[in-house]
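Heads up: the structure comes next, in structure tokens.
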Amino acid sequence: AIRTSLSPRHVPAYVFDTTDIPYTVNGKKIEIAVKQIVSGSDLKPSGTVANPESLELYYKYRDIESLMGMKTIAKL
């Protein structure tokens, strides 16, 4: 529905189920750190992460194209 109603650019290439989502001690989801991890950065969790072990789950998605057997093609 999103692809036809809006644009194919709004549809993610991959959707994965995770066992845990990182949150701050204030209860907010930590999205930027996850994005940095899957983009290749090594992060050391700060003291504001309530469940720092959850960040470790996202390191396996760094090289997802090769794991899925697909070649990345940049679309501008």
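Overview of results
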read-out	value
Matching residues in the stretch 31-54 - criterion: being of a type in the set (A, V, I, L, M, F, W, C) and within 10 Å of the chain's Cα centre (by Cα)	Ile32, Ala33, Val34, Ile37, Val38
Total residues in the stretch 24-53, condition more than 28 Å from Glu65 (Cβ to Cβ) and hydroxyl-bearing (Ser, Thr, Tyr)	3
Those helices (runs of 4 or more DSSP H) lying entirely in the stretch 1-74 with at least 3 residues open to solvent by less than 60 Å² (accessible area, probe 1.4 Å) and among the β-branched types (Val, Ile, Thr)	31-38
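The values are calculated or read from the model by the stated rules, or taken from the named source; none is laboratory data. All values reported here derive from a predicted model rather than from experimental measurement. Note that each Cβ is placed from the backbone with ideal geometry, even for glycine, and that neighbours are counted across all protein chains shown. Note: accessible area is taken over every heavy atom of the protein model, side chains too, but ligands, DNA and RNA are not part of it. Shrake-Rupley method; radii C 1.70, N 1.55, O 1.52, S 1.80 Å.
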